[in-house]
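Trainee: Below is a structure I'd like to ask you about.
Nothing in this text is a laboratory measurement; each read-out follows from the coordinates by a stated rule. Remember, it's a predicted structure, so these values are computed and weren't measured experimentally. Glycine also receives a Cβ, built like all others from the backbone with ideal geometry; neighbour counts cover every protein chain displayed.
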Amino acid sequence: MHSASPADLSPVPETEAPRDCPLCPRLVRFREECRDEYPSWWNAPVPAFGDPDAWLAIVGLAPGKHGANRTGRPFTGDYAGELLYSTLLKFGLAKGEYRGSPGDGLQLDGAVILNAVKCLPPGNKPEPIEIATCRNYFEAALFALEKVRVIVALGQIAHVASARALGLPPASTKFGHGAEVQSADGHILLSSYHCSRYNQNTGRLDAAMFEKVFERALELRCPR
Ligand code: SF4
């Protein structure tokens, strides 16, 4: 049993992994441990969340244990989500009120959030093989969103996964806060330091820096 039905909120449900996806043995074991320990939590691949007509895709790394893995909605219920959703609300990319639960009624407007890896990894660190294995789901979900033009990647792993999805050569896609590169098919990859608690507490990222990335994304949507 789980507390919500975030799959109902997924913009393209047919691209989502099944609840018991068996493809990453280490993550499956961790999922089972979490189900035993926290039976009321989501404890399953976390589906994308947002607007099916999104022009902006925000790519995270993987569900956080007490955030998306608990609630079933990306970045919902943990520290990182506070900054992400407040920023989306500030820039008109979300409507409603964020209260840290899939039942809060929050809706994204023009934006969608998805993760490069759909299952909770121990220590928030997926193995390379797990990133590669989940790539099919990530890319299927991304490319099903036909109006996406700008991708904001949160952190280096999301940046690399997004660059790979766009067919961008590694040499032209060095990760950095505010780094920007355009793919041959016209997508623009914009990268940001991850809005994790660690990055915020250490001063690597603050709200102003994060907002600048979204200001730039909006400029890219509507070039002057
Ligand atoms: S991370 Fe992706 S591929 Fe691996 S088990 Fe989860 S949903 Fe399946």
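Trainee: Tally the residues that are in contact (Cβ under 8 Å) with a residue 60 or more places away in the chain and outside any helix (DSSP H, G or I), restricting the search to segment 79-101.
Mentor: Looking only at that region, the number is 3.
Trainee: Any idea which of (1) within 19 Å of LEU61 (Cα to Cα); (2) surrounded by fewer than 19 Cβ atoms within 10 Å (Cβ to Cβ) is the one TYR193 doesn't satisfy?
Mentor: (2)
Residues are listed down the side, and each one gets a yes or a no for (1) under 14 Å from the mean Cα position of the chain (by Cα); (2) under 21 Å from LEU61 (Cα atoms); (3) not aliphatic (A, V, I, L, M):
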residue: THR76; (1), (2), (3): yes, yes, yes
residue: PHE91; (1), (2), (3): no, no, yes
residue: ALA94; (1), (2), (3): no, yes, no
residue: GLU97; (1), (2), (3): no, no, yes
residue: VAL112; (1), (2), (3): yes, yes, no
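Trainee: State all residues of segment 78-101 that are closer than 28 Å to PHE30 by Cβ and surrounded by fewer than 22 Cβ atoms within 10 Å (Cβ to Cβ); if no residue qualifies, say none. Talk me through it step by step, then tell me what you get.
Mentor: Quick first cut of segment 78-101, residues closer than 28 Å to PHE30 by Cβ only: 78-85, 98-101.
Listed by number, the residues that qualify are ASP78, TYR79, GLU82, LEU83, TYR98, ARG99, GLY100, SER101.
Trainee: With crowded, with 21+ Cβ neighbours inside 10 Å and more than 12 Å from the ligand (Cβ to nearest atom) as the only criterion, which of ALA179, ALA163, ALA144, ALA171 stands out? Walk me through it before giving the result.
Mentor: Working: ALA179 fails: crowded, with 21+ Cβ neighbours inside 10 Å; ALA144 fails: crowded, with 21+ Cβ neighbours inside 10 Å; ALA171 fails: crowded, with 21+ Cβ neighbours inside 10 Å.
Within the list ALA179, ALA163, ALA144, ALA171, the selection yields ALA163.
Trainee: When you look at ALA158, is it within 16 Å of the ligand (Cβ to nearest atom) and either touching a strand residue (DSSP E or B) at 6+ places or on another chain (Cβ under 8 Å) or aliphatic (A, V, I, L, M) (or both), yes or no?
Mentor: Values: within 16 Å of the ligand (Cβ to nearest atom): yes; either touching a strand residue (DSSP E or B) at 6+ places or on another chain (Cβ under 8 Å) or aliphatic (A, V, I, L, M) (or both): yes.
Judged against the criteria, ALA158 is a match.
Trainee: Among the listed residues GLY96, GLY77, GLY100, identify the single one that is on the phi > 0 side of the Ramachandran plot and in contact with a Phe, Trp or Tyr (Cβ under 9 Å, 6 or more places away or on another chain). Talk me through it step by step, then tell me what you get.
Mentor: On the way: GLY96 fails: in contact with a Phe, Trp or Tyr (Cβ under 9 Å, 6 or more places away or on another chain); GLY77 fails: in contact with a Phe, Trp or Tyr (Cβ under 9 Å, 6 or more places away or on another chain).
Going through GLY96, GLY77, GLY100 in turn, just one is on the phi > 0 side of the Ramachandran plot and in contact with a Phe, Trp or Tyr (Cβ under 9 Å, 6 or more places away or on another chain): GLY100.
Trainee: Kindly provide the set of residues from segment 11-61 that are in a loop (DSSP other than H, G, I, E, B), aromatic (Phe, Trp, Tyr) and more than 14 Å from the ligand (Cβ to nearest atom), ordered by number. Break it down stepwise before answering.
Mentor: Here is the first cut: in segment 11-61, the ones in a loop (DSSP other than H, G, I, E, B) are 11-12, 16-24, 38-48, 51-55, 61.
From what's left, aromatic (Phe, Trp, Tyr): 38, 41-42, 55.
Passing the criteria: TYR38, TRP41, TRP55.
Trainee: Sticking with this structure for a sec: Please enumerate the residues belonging to segment 100-135 that are among the hydroxyl-bearing types (Ser, Thr, Tyr) and within 12 Å of the ligand (Cβ to nearest atom). Lay out the reasoning, then the answer.
Mentor: Filtering segment 100-135 for residues among the hydroxyl-bearing types (Ser, Thr, Tyr) gives 101, 133.
Hit for segment 100-135 is THR133, nothing else.
Listed here are the residues, each with its yes/no results for (1) of a type outside the set (Gly, Ala, Ser); (2) touching a Gly at 6+ places or on another chain (Cβ under 8 Å).
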| site | (1), (2) |
| --- | --- |
| PRO18 | yes, no |
| GLU32 | yes, no |
| ARG35 | yes, no |
| ALA48 | no, no |
| ASP51 | yes, yes |
| GLY96 | no, yes |
| PRO102 | yes, yes |
